[in-house]
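The values are calculated or read from the model by the stated rules, or taken from the named source; none is laboratory data. What you see is a predicted model; the values in this text were computed from it and never measured. Positions of Cβ are backbone-derived with ideal geometry, glycine not excepted, and every protein chain shown enters the neighbour counts.
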Amino acid sequence: MTSDTSLHAAPATPDTAWQDEIRAGVRHVRDLASLPLSPAERAAAKSAAANHKVRAPKAYLDLIDWNDPADPIRAQVIPSPEELEEVEGELDDPIADHEFSPVPRLTHRHADRVLLFPTYQCAVYCRFCFRKESLTSIGRGYTREALEPALAYISGHPEIREVILTGGDPLSLPDVALAEIFARIEAIPHVRLLRIHTRVPVVLPLRVTSGLVAALQGRLMVTIVTHFNHPREITDATEAACRTLRHAGFVLLNQSVLLKGVNDSVDVLEELCRELMYRLGVKPYYLHHGDLARGMAHRRTTIAQGQALAEALRARLSGICNPIYVLDLPEGGGKVPIGPYYVEAREGGNWRLRGLDGEVRAYAEVVGA
Ligand SMILES: *Cc1c(COP(=O)(O)O)cnc(C)c1O
Ligand code: SF4
């Protein structure tokens, strides 16, 4: 805090408070020196940072219980020695973003929607990120010129209705850059919806300011897809950020990554999904099976474990609180639901289906001629 804040009739939380959260957080691997890390974490940090930068705002670090070596927030942002162990079968580009990239900063795999990468920088660097190779090797921020070819491509493809800003974290950009990007996409008449994939409401909730919201107002339907992984990330501050986004008229969805030792428990996922919907007004959209990102074997569950968790969630939570458990297939196969399954057998129009209570029941189809 600077001394002059008391001289002005500033709001309780000034619109620039988020900058203090960044300054007081970890911005570089050397800032880890001030944290109570284990000797193994300290040793790992330097080598891990060469593959994937280290960064976390103070607000997010404040959620860590430093007495717990297995703390689920710590596990997401502090490099661990296991991260250096790459296993056969892991990939630099697990979902083939590059292969489906006709021009820089854009991936086009499904006819009606594209991924657009306005920046390859984030407010936080999640250790499990499946784009960490791009973030390290490309690593650039936003410039007007850098998006020129991608926007020309979208203009030339009238089948594109949805533009998904991802990266990198689009909401780590300044308001002026966001307003410029919004205006440039809005000017393309066939684009209907702008979607923003972001961890900012989770890790830097004070960044969700009136200026940010104002930058995203106009003709386009706007959907914000947040990335909460654990109920401990749901706080008064993240609640206020989501309220601001909801009141601005945006549709809010969440995607989580299933991470061993972080959220691979029915109780944790149940509380996460319920609080997302009931407290934040954020609909759980996808629960992603852990991608084949390098050095992440220690955080991956098996698919069978994920299916058992998804099945328990289906039985415990209402439909609107339930995410779809998906696997993003390598080679650009897209995101496919991977269970749970309820069809036990089928013979023509005669089905045997397992109910949410576990009982298998017969169901005979009745259709008109
Ligand atoms: C995930 C993804 C999308 C969005 O898919 P939805 O199922 O609509 O959320 C679009 N394009 C690519 C290349 C993706 O990886
Ligand atoms: S914010 Fe998203 S893109 Fe950035 S490191 Fe985390 S998961 Fe990766």
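Values computed for the structure shown
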| read-out | value |
| --- | --- |
| Single residue of I154, I138 found to be more than 13 Å from ligand 2 (Cβ to nearest atom) and not polar (S, T, N, Q) | I154 |
| Sole exception among (1) assigned to a loop (DSSP other than H, G, I, E, B); (2) modelled with pLDDT under 90 for A43, by number | (1) |
| Entirely in segment 129-248, the helices (runs of 4 or more DSSP H) that have 3 or more residues that are modelled with pLDDT of 95 or more and within 29 Å of L269 (Cα to Cα) | 200-203, 236-247 |
| One residue from G261, G290, G295 being closer than 25 Å to P57 by Cβ, outside any helix (DSSP H, G or I) and either modelled with pLDDT under 95 or not assigned by TED's automatic domain parsing to the domain that holds K132 (or both) | G295 |
| Some residue of segment 302-312 being small (G, A, S), at pLDDT 95 or above and buried (at least 18 other Cβ atoms within 10 Å of the Cβ) | yes |
| Filter result (under 19 Å from H289 (Cβ atoms) and crowded, with 22+ Cβ neighbours inside 10 Å) within segment 94-114 | I95 |
| Qualifying residue in segment 225-246 (condition: within 16 Å of ligand 1 (Cβ to nearest atom) and either more than 26 Å from A308 (Cβ to Cβ) or among the hydroxyl-bearing types (S, T, Y) (or both)) | yes |
| Listing of strands (runs of 3 or more DSSP E) fully contained in segment 309-351 that carry 2 or more residues being touching a helix residue (DSSP H, G or I) at 6+ places or on another chain (Cβ under 9 Å) and of a type outside the set (S, T, Y) | 324-329 |
| Filter result (buried (at least 20 other Cβ atoms within 10 Å of the Cβ), away from ligand 1 (no atom under 16 Å from the Cβ) and not hydroxyl-bearing (S, T, Y)) within segment 136-168 | L147, L151 |
